[in-house]
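The values are calculated or read from the model by the stated rules, or taken from the named source; none is laboratory data. Only a predicted model underlies this, so the values are computations on that prediction, with no experimental measurement involved. FYI the Cβ positions are ideal-geometry reconstructions off the backbone, even for glycines, and counts take in every protein chain you see.
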Amino acid sequence: MPVISASHEFEVSDLFVNLQPFFGHRLFLKVEGFNFAGSIKLKAAREMVAQAEAAGVLGPGSTLVESSSGNMGVALSVLAASRGYKFICVTDSRCNEVTRRTMESYGAEVHLITEPHETEGFLGARIRHVKALLAADAKRVWLNQYLSPGNWMSHYRTTAPAIARQFPDLNVLFIGAGTTGTLMGCARYFRERRPSVRVIPVDSVGSVTFGAPPATRHIPGLGTSVRPALLDESLVESAIHVEETDTVRTCRELMRSGFLFGGSTGTAVSGALRWLNEHYGDGAGGVRERVTAVTISPDLGERYMDTVYHDEWVRGSVGPEGLLPGVEHRGLGTGVAAGLQTVSG
Ligand SMILES: Cc1ncc(COP(=O)(O)O)c(C=O)c1O
C-alpha cells in the first residue's frame, strides 16, 4: 500500500472495469474517482499548480482564483489546503450545495454568481468576476483551466500512458469532452505513439463544443456553452452526442450492476456503446472479441444523489425516459436537486 504525506499524492492509475459482462462489447472503463478530490480534475489541478510554482508565478502568500462549476473547484481546494495557499472559487448558482460546502470545508472562499452575463451566460459572468478579483490584488493568481497547457499535459503524462500500458491491443478510445483537457492529452499521446488508435470525443446534446446548436443541459462535467480554447479538432474523429436521458439510464444500469458513477460516466459509456453497436452490433465473424475499446469515468456517483439518482429530478429536468422500471431512486431530499449545472469544469 502507498504511504503518502500530502493528499494530492494519492492516485489510483490502474483500475479498469470490464463492461463486457454487462454490455457485450470489449469495453473497459478507466476509473478516476478514487482520490481525495473525488475526480479526474485532481490531475489537471496538480499539473497546473506545479507548472505555476516552477515558473515562479505561484508561491508563499499567493491566493489561487479559479472559475469552476464543481470538480476543479474541489480539486484546487484540496491542493490549496495541502500546499498552504488561499483559494477563491468563483462558481454560480447551479453549482450543487454539497460541492460548495465541500470546498468551504477545505478552507476555500466560494463566490457565487447569481446573474448570467447577457450574451455569455454564467461562464461569462464568472470570468468577469475572476478578472475583477485579479485586478484588486496582485497576490491573486488565476491558473485558468480553460487555457492552461497543464490541463491537457496531465493526461498526456498520466492518463494516456496508463491506458496504453494496460491495453497494448487498444483500437478505440472514447473520451468525454468538457474543457477538453482529457481529450487533448489522450489524443496527442496516441497520435504520437500509437496513431492506429481511434480517438472519439463524447459530448452531450446541447453542447456547442463541436459546433452543434446550444440547448439546455442539466448534468455537469461534459459539454460547454462557449467553445473550449484547448480543443484541436484535427487530432480527433467526429464527436458522438448523447441525450441526457441516455446518460441517466446508463448510470442507473451501471448502478444495478454494483457500480455507482457520476453523470459524465453515463454519457461516455452510453456514447461508446452506441458507436460500438453501430459499427460492430451484429458481432459478425467474432468482431466483438477482436475490438478493444476504453472509456473514462471522471468521478463517482455520491455527488449526484439529488440529480441523476433522484427520480423526481429526472422526471422534471431530463424527462421520464431516463428512468428504469423497478427501482425507486429518492435522492437525499435536501433540495440540492434545484442546483442544476450546465457548464463544465
Ligand atoms: C465529472 C466530469 N466529467 C468530465 C469532465 C471533463 O473533463 P475535461 O475538462 O478534461 O474535458 C469534467 C471536468 O470538468 C468533470 O468534472
Which listed residue is outside any loop (DSSP other than H, G, I, E, B) and either surrounded by fewer than 24 Cβ atoms within 10 Å (Cβ to Cβ) or not hydroxyl-bearing (Ser, Thr, Tyr) (or both), from PRO228, PRO214, PRO161: PRO161
The listed residue being within 14 Å of the ligand (Cβ to nearest atom), over 24 Å from ILE240 (Cα atoms) and assigned by TED's automatic domain parsing to the domain that holds SER234, out of THR158, THR180: THR158
Filter pass, GLU289 being without any contact (Cβ under 8 Å) to a residue 12 or more places away in the chain, charged (D, E, K, R) and in a helix (DSSP H, G or I): no
Residue among ALA135, ALA162 that is out of contact with any helix residue (DSSP H, G or I) (no Cβ under 6 Å at 6 or more places or on another chain), more than 29 Å from TYR304 (Cα to Cα) and not acidic (Asp, Glu): ALA135
One residue from ALA45, ALA80, ALA37 being over 19 Å from the mean Cα position of the chain (by Cα) and small (Gly, Ala, Ser): ALA80
Qualifying residue in segment 229-236 (condition: modelled with pLDDT of 95 or more, among the β-branched types (Val, Ile, Thr) and at positive phi): no
Where a residue in segment 200-218 is of a type in the set (D, E, K, R) and its partner, wherever it lies, is assigned to a strand (DSSP E or B), with Cβ under 6 Å and at least six apart: ASP203/HIS241; ARG217/SER204
Residue in segment 142-152 that is within 15 Å of VAL294 (Cα to Cα) and more than 12 Å from the ligand (Cβ to nearest atom) present: no
Residues satisfying the stated conditions in segment 231-249, i.e. in a loop (DSSP other than H, G, I, E, B) and more than 20 Å from ALA44 (Cβ to Cβ): GLU237, SER238, ALA239, GLU243
Unmet criterion (only one of (1) within 24 Å of ASN71 (Cα to Cα); (2) within 13 Å of the ligand (Cβ to nearest atom)) for GLU253: (2)
Entirely in segment 59-118, the strands (runs of 3 or more DSSP E) that have 2 or more residues that are over 16 Å from LEU143 (Cβ atoms): 109-113
